[in-house]
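The next block holds one structure in the form of structure tokens; read it before the comments.
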Amino acid sequence: MNKQIRFLIIAIGAMASMAGCNRGKTTRIINSTDNHRQEIKYSGSVVFNRDSTDIAHISNRGYLFFDEDGKKLRAENDGKDHVVYSFNGDSFVNLLSTEQRAFVAHAVKAIIRERAKLNR
């Protein structure tokens, strides 16, 4: 009986751990009109900074993808708790140009707006 209780406790702990991680859960939002297309896709926990202009944190193995009319942004956790960015399929970087920072800020504001629509 002791062995069964131990197994049950381990099984419950494993299930709780998987549920807490949202393992495999992905959210996808697509908006499309005649001349405009926007796609937002993310997995894991994505946290924005206070002024909604940047990504403060992405959970390990999490990511954020934003595509607006073919202009693409992908952000991930680099495994060292830093956010790295890829623009239009290029290599990942952590230092952004002024133009890249502006696009990230635009993407963050659009994502917050679209998520608010989902939560109505």
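Where a number appears in this text, it was derived from the coordinates with a stated rule and is not lab data. It should be emphasised that the depicted structure is a prediction, and the values quoted were computed from it without experimental measurement. Methodologically, a virtual Cβ is constructed for each residue, glycine included, from the backbone with ideal geometry; neighbour enumeration extends over all protein chains shown.
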Only one of (1) touching a residue at least 12 places away in the same chain (Cβ under 8 Å); (2) under 26 Å from LYS25 (Cβ atoms); (3) surrounded by 13 or more Cβ atoms within 10 Å (Cβ to Cβ) does not apply to ASP81, and that is (3)
Does region 55-69 include one or more residues that are in contact (Cβ under 8 Å) with a residue 24 or more places away in the chain, farther than 18 Å from ARG115 by Cα and not polar (S, T, N, Q)?
-> yes
Going through (1) out of contact with any Lys or Arg (no Cβ under 7 Å at 6 or more places or on another chain); (2) over 18 Å from ILE29 (Cα atoms) one by one, GLY89 fails only at (1)
How many residues of region 90-118 are free of Cβ contacts under 8 Å to residues at least 40 places away in the same chain, surrounded by 10 or more Cβ atoms within 10 Å (Cβ to Cβ) and acidic (Asp, Glu)? The answer is 1
- Is it true that ARG101 is basic (Lys, Arg) and either part of a strand (DSSP E or B) or at positive phi (or both)? no
